[in-house]
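J.: I have a structure I would like to understand better, so I am pasting it below and will then ask my questions one at a time.
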Amino acid sequence: MKIQRLDDLALFLTTVDAGSFSAAARQLDVAPAVASAAIKRLEAQLGVRLFERTTRRLRLSEAGERFLPDARQAWQHLRDAEQALDADAHALTGTLRLTLPSTWRAAICSTGWKTIWPSARRCGWKCR
């Protein structure tokens, strides 16, 4: 893979949305020189110029226009994967072991505890 740093991709997308390196740098809380260097590094890795730069204007090059939709989609896939892992990390899992009188089992089974902890397993008794 040519892209070696995900923060360079994030800076590219933020620069496109913000319209300038300095605005993107402010949004990401980095120095404008860091933003500019990240874009230059990304362009070098990809072997194309992503932006056409003038003293007064910054706009996507033809290659940048072609790259943008796929870059956005890839970034969104990464965000979705990160959120899925985050949700898994905070989910309650494992085996639920309870020592209760048999008269309480029916009450617990009828409360729908499985909707609260869908990935939990119980052992030793069955809810009917």
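The values are calculated or read from the model by the stated rules, or taken from the named source; none is laboratory data. All values reported here derive from a predicted model rather than from experimental measurement. Note: ideal-geometry Cβ built from the backbone for every residue, glycine included; neighbour counts use all protein chains shown.
J.: Test of understanding: among Gln73, Gln45, which residue is surrounded by 14 or more Cβ atoms within 10 Å (Cβ to Cβ) and polar (S, T, N, Q)?
T.: Gln45
J.: When the residues of the range 48-70 are narrowed to those that are polar (S, T, N, Q) and loosely packed, with under 10 Cβ neighbours inside 10 Å, which ends up nearest to Leu9 (Cα to Cα)?
T.: The qualifying residue nearest to Leu9 (Cα to Cα) is Thr54.
J.: Here's another thing I want to ask about it. Take residues that are at pLDDT below 90 and tell me which of the strands (runs of 3 or more DSSP E) falling wholly in the range 1-116 contain 2 or more.
T.: 94-96
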